[in-house]
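Undergrad: Have a look at the structure that comes next, please.
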Amino acid sequence: MKKNLLVLIVGLILTFNACKVSSQSNKSPQQEKNIEQKVDSVLALMTLEEKVGQMLQYNGSWDVTGPATGTTNEKKLERLKKGLVGSMLNVVSVKHTREAQRLIMENSRLKIPLIFGYDVIHGYQTMFPVPLGETASWDMNLAERTAAAAARETAASGVHWTFAPMMDVSRDARWGRIMEGAGEDPFLNAEIAVARINGFQGSDLANEKTIAACAKHFAGYGFAEAGRDYNTVNIGIHELHNTILPPFKAAAKAGVATFMNSFNEIDGVPATSSSYLQRELLKQDWNWNGFIVSDWGSISEMIPHGIAKNKKEAALLAVKGGSDMDMEGGAYESSLISLVEEGKVSEELIDDSVKRILRVKFQLGLFDDPYKYCDESFENSEVYSDANQQLALEAAKKSIVLLKNENNILPIQDKVKSIAVIGPLADDKDSPLGNWRAQAVKNSGVSVLEGIKKHAPNSIKVTYAEGTKLSAGERNFLSPLTINENDTSGFAEAKELAENSDLVILVVGEDAFQSGEGRSQTNIGFLGVQDELMKEIQEVNKNVVMVLMNGRPMDLTWSNQHIPAIVETWFLGSQHGNAVGEILFGKYNPSGKLPVSFPRNVGQEPLYYNQKSTGRPNENSEVTYSHYTDAGRDALFPFGFGLSYTNFEYGKIKLSDDSFSASEEIKASIEVRNTGKMAGEEVVQLYIRDLFASITRPIKELKGFEKISLQPGESKTVSFTIDAELLSYFGRDKKWVTDPGKFHLFIGPNSRDLQQVEFQYK
Ligand code: BGC
């Protein structure tokens, strides 16, 4: 056995160092009652030590996403065998999860199965677009299907639980983790969070093809001051409720199995110890009965935060604050038992956490069969299957946003006979996989160059030059990024190709590891010598299509002035290049819309469309109004924006009535016609403004959208229902209210180009 343990440890280290990586229930009341009875009967058998054990989560590779706890491997193994650990993260593959589970099942007294968690953020081995990119599809059915496919691959690898979706509203391009979420809008974040949760969890957690989801990071993490990761968050109670919490509330309502809290403080209180967030709101008001895992070491991080002198104080604050499981932090392990024995923490609090954890394990069916996810044949057939690759291609195509297309330079026209593909990211097969790539195999993405070669007609000659190397050295989750600041060695070759080609496709932007955790930047332009490269190319050939790869909004001011076509492709996953190829050659008509504003320069950040009016909005004033003297205050490319190869004409907004009261509703409808020559999809967007309220309200807020598909000449009428709930907000009395009075209603293709009508709520 000893030898087996050694093999396991070595295996885990080898495997995992390589990667970093009441709610609505679908069970009948009787099934829920049965689960509750089973939870109670297990709890009744447990010692205090075993209960606290359930509240610990160990990492399988000891030091992956943050500083290690100091618990030695030997100690971890010993505790595993005694059944004094509830969960592990970063243990993947049937082989390894089975071995770790066996440690518990064959040695421990009560044989309570482990729950294995992992960061499956945009795919397990098949990579789908990074979450920000996929949100640009505004296709909720697609998001549900990619999450379901990721769940199947994950479950097939023995893992029960993903730490996703991230639903942190973020308005700051400097924050590296903006790429992991759904952008700046609470409504869109909530919609896609629910779609992803439904995809991961399916209709039954006990089904071995579904996994538990995790609503993270609760809460406010995306509002880190100045976009610097882990930084202080200062938001008022109204902003918290109206902007940050809606996706979390929707997730709780949708029955998400778990929550993760966040590293940040809010107004002086680290979220990990916030009994307001975790106990009062989530567990009490929202009546949610899953469990909350801390973020990596976030309980112990209350020491450097300066509110706990040691791990014991940190554990006390966290458990009282409602954190149920300590992820790799060592605080619960070292202190919870003595805190209970000293009477500082009641055993009821511990029982509540343990029941929550056991409940999820029962829901997953782990007590019926702890090895139920350990099926090698399913692992072999599901992971990286052809069907999942097809889905990855569909998702990638739908996530692309066409930002500019002067003189319809795209799709590439028949007269083009030669194309020079230029840029440091053009033949990069790794960056398409993005950051947080779970078990993706290095360099397994289809590069843009490969996609162009595959989709270009034979009549077109395709050549390639890298121009410059963007990054030098190691590229992975934890390695610091090294950018080549003066590599112009490939400029001459690139210029020559550009000069001798009909069209240039410039593939530039960010390395995959420029965004993600700990990847905040003050510069959101093109790093390295990409600017110089672009300028030199543009001097010799004006027919340039820019294909952007990036995980955050970038400063595109120069490009917008000088480059006729700009295609936003994010990091699209395994099939990146094929999706780009289909778009460039008109095999798919772009339909994505930005989930986040693109600024005119970094100084505008944080920038978002749903701003407040301020007391001095008036643009006609000479100086003393709310603006910048050196740049506009609006976005270069606004939230919701994206072009198509066809044109959509909007009719006039029709309201079924121009006033309504509490028990009533009205409908707003609009006809949209495809007046171009190509079939296409359009995202019709509804925004609302409450003109006078008990607190200041945004100048517009997304309140509905529908993605429609139209053949040339075809038209469809899109309708939205407006009721009191849609208009409600968390007001001055700290309650959700709907104000009687005037509202503006807007419909259009993006947050800027909108038609406006007025109605009255009585
Ligand atoms: C991140 C979480 C992640 C966890 C486990 C942390 O550093 O903030 O989002 O789920 O690590 O990998």
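Undergrad: Output needed for the stretch 648-761: three equivalent-ellipsoid semi-axes, defined as square roots of 5 times the C-alpha gyration tensor eigenvalues, in descending order, whole Å. Could you put the intermediate results ahead of the total?
TA: Working: eigenvalues 177, 37, 23 Å².
Output for the stretch 648-761: semi-axes of 30, 14, 11 Å.
Undergrad: Restricting everything to alpha-carbon atoms, can you work out Rg to Rh for the stretch 130-200 with a Kirkwood hydrodynamic radius?
TA: 0.99
Undergrad: Could I ask something else about it? Round to the nearest 0.05 the FRET efficiency obtained for ARG109 and LYS415 when R0 = 56 Å and r is the Cβ-Cβ distance.
TA: Values: r = 77 Å, r/R0 = 1.37.
For R0 = 56 Å, the calculated efficiency reads 0.15.
Undergrad: With θ taken as phi - 60° and the coefficients 6.51, -1.76 and 1.60, list the Karplus ³J(HN,Hα) couplings across the stretch 591-603 in order, rounded to whole Hz; mark glycine and proline as x.
TA: 9, x, 9, 5, x, 7, 6, 9, x, 7, 7, 4, x
Undergrad: For the stretch 666-703 and the stretch 302-377, what is the centre-to-centre distance using only Cα atoms, to the nearest Å?
TA: After rounding, the separation between the Cα centres reads 45 Å.
Undergrad: Okay, next question. At GLN37 and ASN408, where each label point lies 7 Å from the Cα along Cα→Cβ, what is the point-to-point distance in nanometres?
TA: 7.0
Undergrad: Rounded to two decimals, what is the ratio between the C-alpha radius of gyration of the stretch 660-701 and 2.2 N^0.38 Å? Walk me through the numbers on the way to the answer.
TA: Values: Rg = 16.2 Å, N = 42, 2.2 N^0.38 = 9.1 Å.
In units of the 2.2 N^0.38 Å rule of thumb, it is 1.78.
Undergrad: Where in the stretch 235-262 does the amide nitrogen come within less than 18 Å of the point 7 Å from the Cα of ILE699, taken along Cα to Cβ?
TA: Of the residues in the stretch 235-262, none has backbone N under 18 Å from the label point off ILE699.
Undergrad: Estimate the FRET efficiency between SER626 and GLU499 by the formula 1/(1 + (r/R0)^6), using the beta-carbon distance for r and 45 Å for R0, to the nearest 0.05.
TA: Working: r = 47 Å, r/R0 = 1.04.
Efficiency, from the Cβ-Cβ distance: 0.45.
Undergrad: Follow-up. Could you give the nm distance between label points at LYS667 and VAL441, where each point is 7 Å from its Cα heading toward the beta carbon?
TA: Roughly 5.2 nm, to one decimal.
Undergrad: Related question: Where does the Debye-calculated log10 I(q)/I(0) of the stretch 148-238 sit at q = 0.20 Å⁻¹, using only Cα point scatterers of equal weight, no solvent?
TA: Here log10 of I(q) over I(0) equals -0.89.
Undergrad: Counting Lys and Arg as +1 and Asp and Glu as -1, what is the net charge of the other residues whose Cβ lies under 13 Å from the Cβ of GLY306?
TA: Numbers: positive: LYS309; negative: GLU265, GLU301, GLU313.
Taking every Cβ under 13 Å from that of GLY306, the sum is -2.
Undergrad: Given H placed 1.01 Å from N in the peptide plane, which residues other than close sequence neighbours of PHE598 have an amide H under 5 Å from its amide H?
TA: When sequence neighbours closer than 5 places are left aside, the close amide H contacts are LEU636, PHE637, PHE639.
Undergrad: Hey, another quick one. Would you tally the net charge around ALA724, using a Cβ to Cβ cut-off of less than 13 Å, leaving ALA724 out, and scoring K and R as +1, D and E as -1? Working shown, then result.
TA: Numbers: positive: LYS703, LYS762; negative: GLU664, GLU665, ASP690, ASP723, GLU725, ASP739.
Summing Lys/Arg as +1 and Asp/Glu as -1 gives -4.
Undergrad: A further question on this structure: How many percent of Cα pairs in the chain exceed 36 Å?
TA: On the way: 126668 of 289941 pairs.
Tail fraction, whole percent: 44.
Undergrad: Let me ask something additional. If R₀ is 25 angstrom, what is the calculated FRET efficiency for the pair ASN380 and LYS469, using the beta carbon separation as r and rounding to 0.05?
TA: Details: r = 37 Å, r/R0 = 1.49.
According to the calculation, E is roughly 0.10.
Undergrad: Label ASN560 and GLU225 with points 7 Å out from Cα along Cα→Cβ: what is the distance between them in nm?
TA: 3.0
Undergrad: Additional query: When 1/r is averaged over all different Cα pairs and the result inverted, which Kirkwood radius in Å belongs to the stretch 403-484? Present the calculation step by step, with values, prior to reporting the outcome.
TA: Working: mean 1/r = 0.0671 Å⁻¹.
After inverting the mean inverse Cα-Cα distance, the result is 14.9 Å.
Undergrad: Using 0.36 nm per residue of separation minus the Cα-Cα distance, give me the extension gain between LYS762 and LYS716 in nm, one decimal. Numbers along the way, then the final one.
TA: Details: separation 46, 0.36 × 46 = 16.56 nm, distance 3.09 nm.
Gain in length upon complete extension: 13.5 nm.
Undergrad: Next question. Which three extents, in whole angstrom, do the alpha-carbon atoms of the stretch 393-604 cover along their principal axes, largest first?
TA: Principal extents (Cα only, largest first): 46, 36, 33 Å.
Undergrad: Same structure again: Kindly give the semi-axes, whole Å and largest first, of the ellipsoid equivalent to the stretch 694-762, taking each as the square root of 5 times a Cα gyration tensor eigenvalue. It would help to have the intermediate numbers written out before the result.
TA: Values: eigenvalues 168, 29, 26 Å².
Here the semi-axes work out to 29, 12, 11 Å.
Undergrad: Moving on to the next point. For the chain, what is the percent of antiparallel DSSP beta bridges, rounded to the nearest 5? Could you put the intermediate results ahead of the total?
TA: Working: 49 of 90 bridges.
Rounded to the nearest five, the antiparallel share is 55 percent.
Undergrad: Consider a paramagnetic label point 7 Å from the Cα of LYS454 along Cα→Cβ; state which residues of the stretch 362-389 have an amide N under 11 Å from it.
TA: Answer for this model: 389.
Undergrad: If one computes the Cα centroid of the stretch 722-750 and of the stretch 79-113, what distance in Å separates the two points?
TA: 50
Undergrad: Right, next: Report the normalised scattering of the stretch 2-379 as log10 I(q)/I(0) at q = 0.08 Å⁻¹, calculated by the Debye formula with identical scatterers on the alpha carbons.
TA: Values returned for q = 0.08 Å⁻¹ are -0.35.
Undergrad: 5 Å is the cut-off here: which amide hydrogens, built 1.01 Å from N in the peptide plane, fall below it relative to ASP487, excluding neighbours closer than 5 in sequence?
TA: Here the answer is VAL529, since their amide H atoms fall under 5 Å of that of ASP487.
Undergrad: Quick one: length gained pulling SER613 to SER479 fully straight, 0.36 nm per residue minus the C-alpha distance?
TA: Details: separation 134, 0.36 × 134 = 48.24 nm, distance 4.25 nm.
Value of the extension gain: 44.0 nm.
Undergrad: Sticking with this one: Would you mind counting up the charge near ALA149? Only other residues with Cβ under 11 Å from its Cβ, with Lys and Arg at +1 and Asp and Glu at -1.
TA: -1
Undergrad: Hey, another quick one. On average over all directions, what projected area in square nanometres does the stretch 316-355 have, based on the convex hull of its Cα atoms?
TA: Values: hull surface 10.1 nm².
Result: a mean projected hull area of 2.5 nm².
Undergrad: What are the residues whose amide H is under 5 Å from the amide H of ASP229, where those residues sit 5 or more places off or on another chain and H is modelled from the backbone?
TA: GLY176, SER520
Undergrad: While we're looking at this one, here's another question. What number do you get for the stretch 554-699 when its Cα radius of gyration is normalised by 2.2 N^0.38 Å, N = residues? Walk me through the intermediate numbers first.
TA: Numbers: Rg = 19.4 Å, N = 146, 2.2 N^0.38 = 14.6 Å.
For the stretch 554-699, the normalised Cα radius of gyration is 1.33.
Undergrad: Further question: Take the Cα radius of gyration of the stretch 514-600 and divide it by 2.2 N^0.38 Å, with N its residue count; two decimals is plenty.
TA: On the way: Rg = 13.9 Å, N = 87, 2.2 N^0.38 = 12.0 Å.
Normalised Rg, Cα atoms only: 1.16.
Undergrad: Just how far, in whole angstrom, is the stretch 573-650 from the stretch 408-449 if you go by their alpha carbon centroids?
TA: With the stretch 408-449 and the stretch 573-650 each reduced to a Cα centre, they are spaced 23 Å.
Every number in this text was worked out from the coordinates using simple rules, so none of it is lab data. Predicted, not measured: the structure shown is a model, and the values here were computed from it. Methodologically, a virtual Cβ is constructed for each residue, glycine included, from the backbone with ideal geometry; neighbour enumeration extends over all protein chains shown.
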